[in-house]
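Please read the structure below before turning to the comments.
The values are calculated or read from the model by the stated rules, or taken from the named source; none is laboratory data. None of the values given here were measured: they were computed from a predicted structure. As a convention, Cβ positions derive from the backbone with ideal geometry for all residues, glycine included, and neighbour counts pool all protein chains shown.
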Amino acid sequence: MAEYNHKTIESKWQKIWEEQKPFKAAYPSDKKKFYPLIEFPYPSGEGLHTGHPRSYCALDAIARKKRMEGFNVLYPIGWDAFGLPTENYAIKMGRPPQEISKENINNFRRQLKSLGIGFDWDREVNTTDSKYYRWTQWIFLQLLKHDLAYKANIAISWCPKCKIGLANEEVVQGNCERCGTQTEKRQKEQWMLEITKYADRLLSDLDEVDYLEKIKIQQQNWIGRSEGASVKFKVRSKKSPPTADQLKAEEVKSQLEVFTTRPDTLFGATFMVIAPEHPLILNIEYGISNIDEVKDYIDVAMKKTDLERSDEKKEKTGIKIEGITAINPANNEEIPIFVADYVMMGYGTGAIMAVPAHDNRDFAFAKKYNISIKEVVRPDSSNMTNSSNRANRAYEGEGRSVNSGFLDCLMTNEAKQKMIEWLEERKLGSKSVSYKLRDWVFSRQHYWGEPIPVVYCRSCFEKSSKKKVESRKFKIGRDYIEINHEKYVIVPVPESDLPVELPVVENYEPTDSGESPLAAISDWVNTTCPVCESPAIRETDTMPTWAGSSWYYLRYIDPDNDKMLADPNKLKYWLPVDLYNGGMEHVTLHLLYSRFWHKFLFDIGVVPTKEPYQKRVSHGMILAPDGQKMSKSRGNVVNPDEMVEKFGADAFRLYEMFLGPFDQVVKWQTDGIRGTYRFLEKVWRMSDKITEDKEGEEDKESESQINKLIQKINSDIDNMQFNTSVSTMMEFMNFVEKNGSLSQSVWEKFLIVLSLFAPHIAEELWSQTNKETLICQQVWPSLDESKIIELQITYAIQVNGKLRASLDIKGNLFENDVVQKANELPNIIEYLKDSKIQKTIFVKDKIVNFVI
Ligand code: ANZ
Ligand code: ZN
């Protein structure tokens, strides 16, 4: 037989798969479905890196096995191709992003095909294709229609050098991701999606899915639900408002509302703190005697990032607002109000009641500004802390209320409850829930994204304002916006006019004003209003890359549908995704965004399930041989093309799986792939030694070995432990080598097992057994446990080298298991009774020697 030649074998089978399409998902089908999903790649200019195939090969092994087990499998691939790197590269090269993206996709496709991954290539999706983003825009329109999309003026990070608004993910440690310049905060009109309306369901429905625990925890933390109370404090000003008729409005405005998780500590609130962005300052400016100082403080604070502001280790800064005070509703004490940047506008109400005795941040602040500290919770008597301890930090735990009037002696939980009732009776506050989750900032001032399908019409405003303004239903940001002090109605582009295509432009540079480059294309911007046919202008912001990736798994189900997002019957058959694998870096934003869209689509009757993904798992990253993250700048990138060229796709794929436990971070080692290559050579040579099955005769030992292998692979695939699958196949080959020959039927089973991980060589050797069929279309071999022979071994158990007992046990066990059993033998217990074991010598299947 000729030498193992991976090149001819692999290109031969890739061509056959391309023609015969054995990985094509069927519809309709009587079979049970299985829908595994990998996070579709961003086709970067660098091409595939070794990290991508880890996930793809793993799910391919699972998909192949499921197909052999009779499932109708949908294992799709596509391209998440909008995004900044392509746009930046386009600007640098002066070439259209469309062209660059196409080249990158072609390269990714070539690379994936060269690995022989069994994707259903007929279902490829591409987020930048207008046939695809037409439906992304359509989903946006539905969100708009259901009042879940709105425009708001919010603070965004701004790069003064690029003159562009940056999304959070484009800011790296406060600096612009593109040029490294320190970013600033700027107010800008942005489209927002009201994901917070779904916060409760996004949290509680986690009970219905089967995500890894660490993924669930990250989702829970990101949503960050806190139960507590909102409490209203009156604000008193020494000066009265400038004019009398403002008085009434001022009364309402000068209520300071806080969110607290500890309403039981209200009697201990000795000051208040508001965030620098808090509207109270503007509302009551006339009453603030040190307004210049306050404004200076705010200016400095606004330049800081949220991270800097909330850093527990940094010294708290703030400034007292002179001229106004607040009234603690519990005891009517007059307390000072500060502005400090450790309070965030984005959480709760942007204002807090500070309880320095029981909150460490408030404690540090009170010490610094010499504010009184009043103890109102005492740890239960059993574990009294001494007061000296309390002098340098707050007691944040629970206990009994003290110095708290009607709450005194109550335990924290009862006290919280009682205080909430007390507040509710007096209309001073109520039970309240806060979430860390923020609404989703949905617009980008970039070119390479989906245009937001909205136009702005002035004449529509003039007409509708006459009707609606009185009824107060006409809301800024929801129904109309202001541009240069003119009011415009927000008019959705009619669904029948979708897609709003991205126009081809000359220049992809952002404009000086920080608008998207689209704003400079006046014949695109100027359009007619679909409602009144007057001149109108288009929205020039585009969507974030998170948009297209929030629903791609739906489009795979029906990729060519031009009537709707996807056929409901097909959705019903294929949903939910059975197994979704991706990186840990996507278990917060992407996972939440897509769950949110899915739930919304469920609510409007587009999808039949509440959740998109039944199971979410995650793989560990692959590091460079030097233990660092692979990166071009470090020059330590392992190029999959080179590996495939040298060792072949099969050896590469085997090594990707063999590297280490799937969920753990592992290091690439090129020596390792040599090992899997040698293993394949061994398999190749073995094919010469296969003997025909003889009637009525069976090699008990090889039957036992192959059933053991099948048993192991079955459980490994279920538990996603691919590395031990590969090592068990290697052990099997060692056995076969020793045995010298193998019967045809056992060999065939082995090839089927091997085909999950090294499909090309498996097809080739299968075809050499005179089969006309493809191995990937075989039936998974059934396990016959009765054929597994458990080798019985007798261990000699020694103490200091002298035989003291013997142990009958299964062969091939791990050291720990054997040593533990040996330790439990009565004789050995006796010998070891009063001594300490210095060392244990273990000889597999032979000896355990305790040295004392
Ligand atoms: C009074 C109090 C007393 C508080 C006490 C804590 C302990 P979590 O658990 O994260 O929800 N807080 C409220 N809004 C804030 C904001 N915008 N920026 C910074 N801090 C804010 O935390 C809720 C607690 O964080 C709230 O309860 C409030 O301080 C503070 F012994 O109110 B607490
Ligand atoms: Zn109009």
query: Residues of the stretch 717-761 being more than 24 Å from LEU59 (Cα to Cα) and either without any contact (Cβ under 8 Å) to a residue 12 or more places away in the chain or not in a helix (DSSP H, G or I) (or both), which ones?
result: ASN734, LYS738, GLY740, SER741, LEU742, SER743
task: Just give me the residues in the stretch 396-434 being out of contact with any strand residue (DSSP E or B) (no Cβ under 6 Å at 6 or more places or on another chain), at negative phi and assigned to a loop (DSSP other than H, G, I, E, B), in sequence order.
output: GLU396, GLY397, GLU398, SER404, ARG426
- prompt: Scanning the stretch 761-793 for residues that are aliphatic (A, V, I, L, M), crowded, with 16+ Cβ neighbours inside 10 Å and touching a Gly at 6+ places or on another chain (Cβ under 9 Å), which turns out modelled with the highest pLDDT?
  reply: ILE761
- prompt: Can you name the residue in the stretch 814-846 that is in a loop (DSSP other than H, G, I, E, B) and in contact with a strand residue (DSSP E or B) (Cβ under 8 Å, 6 or more places away or on another chain) and is also nearest to LYS708 (Cα to Cα) among such residues?
  reply: ASP845
task: Return a yes/no flag: does the stretch 405-416 have any residue that is at pLDDT 95 or above, of a type in the set (Phe, Trp, Tyr) and away from ligand 1 (no atom under 16 Å from the Cβ).
output: yes
- request: Name the strands (runs of 3 or more DSSP E) wholly inside the stretch 115-200 in which the number of residues that are of a type in the set (Phe, Trp, Tyr) is 2 or more.
  value: 149-159
- prompt: Any residue in the stretch 807-825 that is of a type in the set (Lys, Arg) and surrounded by 11 or more Cβ atoms within 10 Å (Cβ to Cβ)?
  reply: yes
- line: Those residues of the stretch 80-116 which are closer than 22 Å to GLU19 by Cβ, crowded, with 20+ Cβ neighbours inside 10 Å and under 24 Å from the mean Cα position of the chain (by Cα) amount to PHE108
- request: Would you be able to say whether some residue in the stretch 733-753 is under 22 Å from GLU785 (Cβ atoms) and within 36 Å of the chain's Cα centre (by Cα)?
  value: yes
task: Go through LYS92, LYS102 for me and flag whichever is out of contact with any strand residue (DSSP E or B) (no Cβ under 6 Å at 6 or more places or on another chain), modelled with pLDDT under 95 and more than 17 Å from TYR580 (Cα to Cα).
output: LYS92
- line: For strands (runs of 3 or more DSSP E) lying entirely in the stretch 493-583, having 3 or more residues that are within 16 Å of ligand 2 (Cβ to nearest atom) and over 26 Å from ILE215 (Cβ atoms) picks out 526-528, 535-538
message: Residues to consider are ALA357, ALA366; find the one that is over 21 Å from SER230 (Cβ atoms), modelled with pLDDT of 95 or more and either assigned to a helix (DSSP H, G or I) or away from ligand 1 (no atom under 13 Å from the Cβ) (or both).
response: ALA366
- prompt: Is at least one residue of the stretch 447-468 among the hydroxyl-bearing types (Ser, Thr, Tyr), at negative phi, at pLDDT 90 or above and away from ligand 2 (no atom under 16 Å from the Cβ)?
  reply: yes
- prompt: Is it true that LEU437 is in contact with a Phe, Trp or Tyr (Cβ under 7 Å, 6 or more places away or on another chain), within 16 Å of ligand 1 (Cβ to nearest atom) and farther than 15 Å from GLU486 by Cα?
  reply: yes
query: What pairs can you find where one residue is in the stretch 73-85 and under 18 Å from ILE452 (Cα atoms), the other is assigned to a helix (DSSP H, G or I) and of a type in the set (S, T, N, Q), and their Cβ atoms are less than 9 Å apart, with a gap of 6+ or different chains?
result: ASP80/SER549; ALA81/SER101; ALA81/ASN104; PHE82/SER101
query: Looking at SER114, is it among the polar types (S, T, N, Q) and within 29 Å of PHE658 (Cβ to Cβ)?
result: yes
statement: Exception for HIS6 within (1) under 30 Å from ARG685 (Cβ atoms); (2) in contact with an Asp or Glu (Cβ under 6 Å, 6 or more places away or on another chain) falls at (2)
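So that you can scan it fast, the table gives a plain yes or no per residue for (1) surrounded by fewer than 15 Cβ atoms within 10 Å (Cβ to Cβ); (2) more than 16 Å from ligand 2 (Cβ to nearest atom); (3) under 28 Å from GLN219 (Cβ atoms); (4) touching a residue at least 40 places away in the same chain (Cβ under 8 Å):
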site: ILE335; (1), (2), (3), (4): no, yes, no, yes
site: VAL355; (1), (2), (3), (4): no, yes, no, yes
site: ASN370; (1), (2), (3), (4): yes, yes, no, no
site: TYR395; (1), (2), (3), (4): no, yes, no, no
site: SER404; (1), (2), (3), (4): no, yes, no, yes
site: VAL441; (1), (2), (3), (4): no, yes, yes, yes
- prompt: Do the conditions hold for PHE600, that is, is it in contact (Cβ under 8 Å) with a residue 60 or more places away in the chain, of a type in the set (Phe, Trp, Tyr), crowded, with 17+ Cβ neighbours inside 10 Å and touching a Pro at 6+ places or on another chain (Cβ under 9 Å)?
  reply: no
message: Would you confirm whether or not the stretch 656-676 contains a residue that is exposed (fewer than 15 other Cβ atoms within 10 Å of the Cβ), of a type in the set (D, E, K, R) and in contact with an Asp or Glu (Cβ under 7 Å, 6 or more places away or on another chain)?
response: no
- prompt: So which of LYS475, LYS487, LYS436 ends up being within 16 Å of ligand 2 (Cβ to nearest atom) and of a type in the set (D, E, K, R)?
  reply: LYS487
- prompt: helices (runs of 4 or more DSSP H) wholly in the stretch 586-686 with at least 1 residues that are under 21 Å from TRP546 (Cβ atoms) and in contact with a strand residue (DSSP E or B) (Cβ under 7 Å, 6 or more places away or on another chain) - which ones?
  reply: 589-603
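Conditions (1) more than 39 Å from the chain's Cα centre (by Cα); (2) part of a helix (DSSP H, G or I); (3) surrounded by fewer than 20 Cβ atoms within 10 Å (Cβ to Cβ); (4) not basic (Lys, Arg), marked per residue:
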position: HIS278; (1), (2), (3), (4): no, no, yes, yes
position: ILE281; (1), (2), (3), (4): no, yes, no, yes
position: SER289; (1), (2), (3), (4): yes, no, yes, yes
position: ILE298; (1), (2), (3), (4): no, yes, yes, yes
position: LYS304; (1), (2), (3), (4): no, no, yes, no
position: GLU312; (1), (2), (3), (4): no, no, yes, yes
Complete set of residues in the stretch 37-67 that are touching an Asp or Glu at 6+ places or on another chain (Cβ under 6 Å) and either small (Gly, Ala, Ser) or more than 17 Å from SER755 (Cα to Cα) (or both): PHE40, TYR42
- prompt: Out of (1) within 26 Å of the chain's Cα centre (by Cα); (2) surrounded by 17 or more Cβ atoms within 10 Å (Cβ to Cβ); (3) outside any helix (DSSP H, G or I), the odd one out for ALA229 is which?
  reply: (1)
statement: Selection from the stretch 314-353 of residues in a loop (DSSP other than H, G, I, E, B) and aliphatic (A, V, I, L, M) yields ALA330, VAL343, MET344, MET345
